[in-house]
Amino acid sequence: MLRFLQVWSDHLVRASAVVASLALVGIVTTILVDVAGRNLLGAPLRGTQDLVQVALIVIIFGSVAMVDRKDANVAVDLLEHQFSPILNRVLTVAGRLTGALIFFGIAWTMIDSAAISTMLNLSTNILNIPKAPFQYIIAAFSVLAGVSMVLRVLLILLGRDRVLDTLPGDL
């Protein structure tokens with residue numbers, strides 16, 4: 001069962017990273033068209049700010065699970081070598097569980113916010129892009145990050161944790 005969860009978690013993490021990468025390509029293209037239009041034609045792309053803001057949501061939250069899975073978080077290991085391996089393991093587990101709780105909290109808050117945004121018909125200022133779908137995206141990516149962190153804790157406790165430079169199936 002744990003192997004099944006690990007495989008599906010890896011697939012979902014990879015998919016979220018692909019979505020975030022596509023959003024990054026979209027931001028680059030949008031900004032390129034905006035700057036070229038502004039400088040060459042004297043007409044910038046209308047709504048660039050809205051498009052960049054919603055794409056940043058996808059990039060940031062879509063990449064969190066991959067960053068955690070690859071253990072690519074910023075870490076300052078000043079005292080780690082002075083602690084016992086057991087204490088380091090306890091601190092690692094506590095940190096990952098705290099992270100999972102934070103991301104589950106973000107998901108809960110975003111679901112509530114999306115309901116309010118839907119009720120009030122909230123949207124971006126220029127292009128009137130509805131906010132609720134992107135709040136649900138934040139919630140989904142946050143749940144994925146939290147589940148990934150909890151799964152990682154289980155693997156650490158079972159002594160089967162693996163830090164991957166690439167996920168299975170990556171080139």
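The values are calculated or read from the model by the stated rules, or taken from the named source; none is laboratory data. Predicted model only: the values in this text are computed from it and were never measured. Heads up, the Cβs are rebuilt from the backbone with ideal geometry, glycines too, and the neighbour counts pull from every protein chain shown. What goes into the accessible areas is simple: the full protein's heavy atoms, side chains included, and nothing from ligands, DNA or RNA. Shrake-Rupley method; radii C 1.70, N 1.55, O 1.52, S 1.80 Å.
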Problem set entry | Unique residue being under 29 Å from residue 127 (Cβ atoms) and out of contact with any helix residue (DSSP H, G or I) (no Cβ under 6 Å at 6 or more places or on another chain) when the list is 23, 55, 36 | 36
For this session: Being among the hydrophobic types (A, V, I, L, M, F, W, C) and in contact (Cβ under 8 Å) with a residue 40 or more places away in the chain is the filter; apply it to segment 61-89 and report the residue that is nearest to residue 145 (Cα to Cα).
Result: 65
For this session: Considering only segment 39-48, state which residues are surrounded by 14 or more Cβ atoms within 10 Å (Cβ to Cβ) and within 11 Å of residue 126 (Cα to Cα).
Result: 47, 48
Problem set entry | Of all residues making up segment 112-149, the number that are exposed (fewer than 15 other Cβ atoms within 10 Å of the Cβ) and of a type outside the set (Ser, Thr, Tyr) | 11
Exercise. Could we say that residue 88 is modelled with pLDDT under 95, more than 27 Å from residue 9 (Cβ to Cβ) and part of a helix (DSSP H, G or I) here?
Worked result: no
Problem set entry | Condition met for residue 55 (within 14 Å of the chain's Cα centre (by Cα), buried (at least 17 other Cβ atoms within 10 Å of the Cβ), over 20 Å from residue 99 (Cα atoms) and not aromatic (Phe, Trp, Tyr)) | yes
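Yes or no, residue by residue, for (1) farther than 21 Å from residue 154 by Cβ; (2) modelled with pLDDT under 95; (3) touching a Leu at 6+ places or on another chain (Cβ under 9 Å); (4) part of a helix (DSSP H, G or I):
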site	(1), (2), (3), (4)
5	no, yes, yes, yes
8	no, yes, no, yes
20	yes, no, no, yes
24	yes, no, no, yes
30	yes, no, yes, yes
43	yes, yes, no, no
56	yes, no, no, yes
59	yes, no, yes, yes
66	no, yes, yes, yes
For this session: Return the only residue of 18, 13, 28 being open to solvent by 70 Å² or more (accessible area, probe 1.4 Å), over 21 Å from residue 123 (Cα atoms) and under 16 Å from the mean Cα position of the chain (by Cα).
Result: 18
Exercise. Are there any pairs with C-beta distances below 7 angstrom linking a residue in segment 90-118 that is closer than 15 Å to residue 73 by Cα to a residue that is of a type outside the set (S, T, N, Q) and loosely packed, with under 14 Cβ neighbours inside 10 Å, with the two at least 6 apart or on different chains, and if so which?
Worked result: 93/157
